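The values are calculated or read from the model by the stated rules, or taken from the named source; none is laboratory data. Just so you know, these numbers come straight off a predicted model, no measurement behind them. Note: ideal-geometry Cβ built from the backbone for every residue, glycine included; neighbour counts use all protein chains shown. Keep in mind that these areas ignore ligands, DNA and RNA; they rest on the heavy atoms of the full protein, side chains included. Shrake-Rupley method; radii C 1.70, N 1.55, O 1.52, S 1.80 Å.
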Amino acid sequence: MIEADLSAIVNDINQGWIPANIYSDEGIFELEKERVFGNTWMFLAHESEIPEPGDYVLRRILDDSFIVVRDDTGQVRVLFNMCLHRGMQVCRAEVGNASFFRCPYHAWTYKNTGQLNGVPHHKDAYGGNKGLRKEEMSLLTPPSVDSYNGMIFANLDEDAPSLDEYLGGFKFFLDFYTRQSEAGLEVNGPQRWRIKANWKIGAENFSGDTYHTPHTHQSVVEIQLFREPKASKRKLGALYFSDIGGGTTYHLPPGNFDEKVAYVGYPESVIESMKRTFSPEQRAMISEAGFMPSAATLFPNLSFVHNWPQINEDGLVVPFISIRLWQPISATETEVYSWFAVDKQAPDWYKEASYKAYLMCFGSSGMFEQDDVENWTSITTVAKGQLAKKLKLFNRMGVDKEGELLHEPIKDWPGPGRAFTGFGEYNQRSLLRLWGQYMLGNDPVRAKGFTSTPMSPNRAE
Amino acid sequence: MEDNYIEIANEFSLARVRKVKTRNGERLEISAPKQESKILLDPLELESLTWQTSELFAELLTQPFGPETEYV
Ligand code: FES
Ligand SMILES: [Fe+2]
């Protein structure tokens, strides 16, 4: 990838034109590995996946494998899963519970803090401490590790802005999915599967594509699994974006906070805890503005979905939350990680019903999921073509020819960032602009430039 | 003597545990089939295990395959 080509691509993207081959080009993907995934905060695991001392899960940031472990003192650690001796992968089981990890190659043995503990024939082979001081050796850790609402993130860049700075205004929205009570989430999964689609397509879709729901998911409405997504209704929702992420909402029928949250199927005890943990502004987004968060994406590849299908013939509506990671394998293949997430304090009947709602809609068996992926693999496949190199996709919904906004942002929006109602590709543009800035090596979180990047140099989107 | 043991395994190792009866009392047998090693613990030894910290095991595991005998 030549830098001149790259700046032309980014320039197109900033004007709302997407060169189609960014969804299939291996050169672009190589650069993404380094500049996007090497410099952003990557979600690894939720703390509820490793509740007990010794619990661990293996997670990747593209090609790097990490052990996310709760050590024997209860501290959560992220350890680079590569032996200090000859580089063997120390742990290979996806999940486990252990106080010690013994490398399969020559049996160097590590405590679950990462500290090297045992070396076979330490004396014969190394002259004991003269040649190898075990106390001084530990499995590597990523340069930056931090967590928010129990979600554990790592950043491979040692000069990265803090997680708090990175999440910025998006924290306001992240709370809806991850902090419905003081106890926070418990997650189940992940289900994992691979799709022949570029990772960016799912991320964009979840960030703001309310326009596809009535068409792509028509069958879901026809079988009465879902009562909402008639096109006329969908466009009443808000599209919000703040700093490093954005998402969609539905607009709810009139009512106070309790009534609106009950409308989507939350039981009373969860409504009560939401009232305690959400800020007045967060509550106002639901009660006064009337917007209930649905899907969202945190740049680059972490998405959330919150939805409320009908789960039985009696029309019982129950909401669910899913966390999903678009883990790139190549330019044209993505491993999807899909977790079911539910408030830890919710009643058992609700947890079960919510899990059913999730399985019916998302995850490997979900109906929405299957509809979506057919589109995404198709885009990726046709983007490989020769003529596709000439096509620039039209990513300008919501602005006119001159780049002027067709609708004003919502006035009195209670949250950070800006929000619109009506159909528009504001969020997809914002997400791709972030992508462009990382690809050019300009950290947008440091630059604080992302919310005001104009559509064209003299316009003010 | 009882045949049925329980197995404790993870990706790093495998151990078998069973209760062994002698004519005059019981012990817990822990064996590591891959290392061909085994130990019989009486109740007091077992009790003492409950007040050990992982430091003791760290000490034991400085030799990850057990005692290293010198060649003669
Ligand atoms: S590579 Fe791990 S002990 Fe040799
Ligand atoms: Fe969809």
Limited to region A:97-120, what total is found for residues that are β-branched (Val, Ile, Thr) and more than 8 Å from chain B (Cβ to nearest Cβ)?
1
Candidates B:Ala9, B:Ala58, B:Ala15, filtered to the one that is of a type in the set (Gly, Ala, Ser), without any contact (Cβ under 8 Å) to a residue 24 or more places away in the chain and away from chain A (no Cβ under 11 Å)
B:Ala15
Working only within region A:69-96, note down all residues that are surrounded by fewer than 15 Cβ atoms within 10 Å (Cβ to Cβ) and at the interface with chain B (Cβ under 8 Å from one of its Cβ atoms).
A:Arg92, A:Ala93
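Here's the yes/no breakdown for (1) in contact with a Ser or Thr (Cβ under 7 Å, 6 or more places away or on another chain); (2) closer than 28 Å to A:Leu62 by Cβ:
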{"residue": "A:Phe291", "(1), (2)": "yes, no"}
{"residue": "A:Leu298", "(1), (2)": "no, yes"}
{"residue": "A:Asn312", "(1), (2)": "no, no"}
{"residue": "A:Lys351", "(1), (2)": "no, no"}
{"residue": "A:Lys356", "(1), (2)": "no, no"}
Wholly inside region A:201-247, helices (runs of 4 or more DSSP H) that include 3 or more residues that are within 16 Å of ligand 1 (Cβ to nearest atom), more than 14 Å from chain B (Cβ to nearest Cβ) and open to solvent by less than 10 Å² (accessible area, probe 1.4 Å) are none
Inter-residue pairs, beta-carbon under 7 Å, first within 12 Å of another protein chain (Cβ to nearest Cβ) and in region A:121-136, second of a type in the set (Asp, Glu), 6+ apart:
A:His121/B:Glu68
When you go through (1) over 18 Å from the mean Cα position of the chain (by Cα); (2) closer than 30 Å to A:Gly184 by Cβ one by one for A:Ala8, which number turns out not to apply?
(2)
Being open to solvent by 30 Å² or more (accessible area, probe 1.4 Å), farther than 30 Å from A:Asp175 by Cα and in contact (Cβ under 8 Å) with a residue 40 or more places away in the chain, is that true of even one residue in region A:412-425?
no
Tabulated pairs, region A:61-78, first farther than 20 Å from A:Asn39 by Cα, second at pLDDT below 95, C-beta under 8 angstrom, 6+ apart or interchain:
A:Asp72/B:Ser54
Please list, ordered by residue number, the strands (runs of 3 or more DSSP E) wholly in chain B having 3 or more residues that are out of contact with any strand residue (DSSP E or B) (no Cβ under 9 Å at 6 or more places or on another chain).
none
Count - residues of region A:342-369 that are out of contact with any Pro (no Cβ under 8 Å at 6 or more places or on another chain) and part of a loop (DSSP other than H, G, I, E, B):
7
If we scan region A:259-274, do we find a residue that is in a helix (DSSP H, G or I), open to solvent by 50 Å² or more (accessible area, probe 1.4 Å) and basic (Lys, Arg)?
no
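Let's see how each residue does on (1) surrounded by fewer than 12 Cβ atoms within 10 Å (Cβ to Cβ); (2) more than 30 Å from A:Cys91 (Cα to Cα):
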{"position": "B:Tyr5", "(1), (2)": "no, no"}
{"position": "B:Glu11", "(1), (2)": "no, no"}
{"position": "B:Arg18", "(1), (2)": "no, no"}
{"position": "B:Pro43", "(1), (2)": "yes, yes"}
{"position": "B:Gln52", "(1), (2)": "yes, no"}
Show me the strands (runs of 3 or more DSSP E) entirely contained within region A:81-193 in which 2 or more residues are farther than 30 Å from A:Lys351 by Cβ and either under 24 Å from the mean Cα position of the chain (by Cα) or at pLDDT 95 or above (or both).
A:100-102, A:109-111, A:116-118
Among the residues in region A:287-306, are any open to solvent by 10 Å² or more (accessible area, probe 1.4 Å) and farther than 27 Å from A:Gly168 by Cα?
no
I'd like to know if region A:201-213 contains one or more residues that are assigned by the TED database to the domain that holds A:Phe423 and without any contact (Cβ under 8 Å) to a residue 24 or more places away in the chain.
yes
So A:Asn442 passes all but one of these: (1) over 19 Å from A:His212 (Cα atoms); (2) surrounded by 18 or more Cβ atoms within 10 Å (Cβ to Cβ). Which condition number does it fail?
(2)
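Take region A:383-400 and flag every residue that is touching a residue at least 40 places away in the same chain (Cβ under 8 Å), assigned to a helix (DSSP H, G or I) and loosely packed, with under 15 Cβ neighbours inside 10 Å. Outline the logic, then answer.
Residues of region A:383-400 that are touching a residue at least 40 places away in the same chain (Cβ under 8 Å), as a first pass: A:383-384, A:388-389, A:391-397, A:399.
After this cut, where a residue has to be assigned to a helix (DSSP H, G or I) as well, the list is A:388-389.
The one that is touching a residue at least 40 places away in the same chain (Cβ under 8 Å), assigned to a helix (DSSP H, G or I) and loosely packed, with under 15 Cβ neighbours inside 10 Å: A:Lys389.
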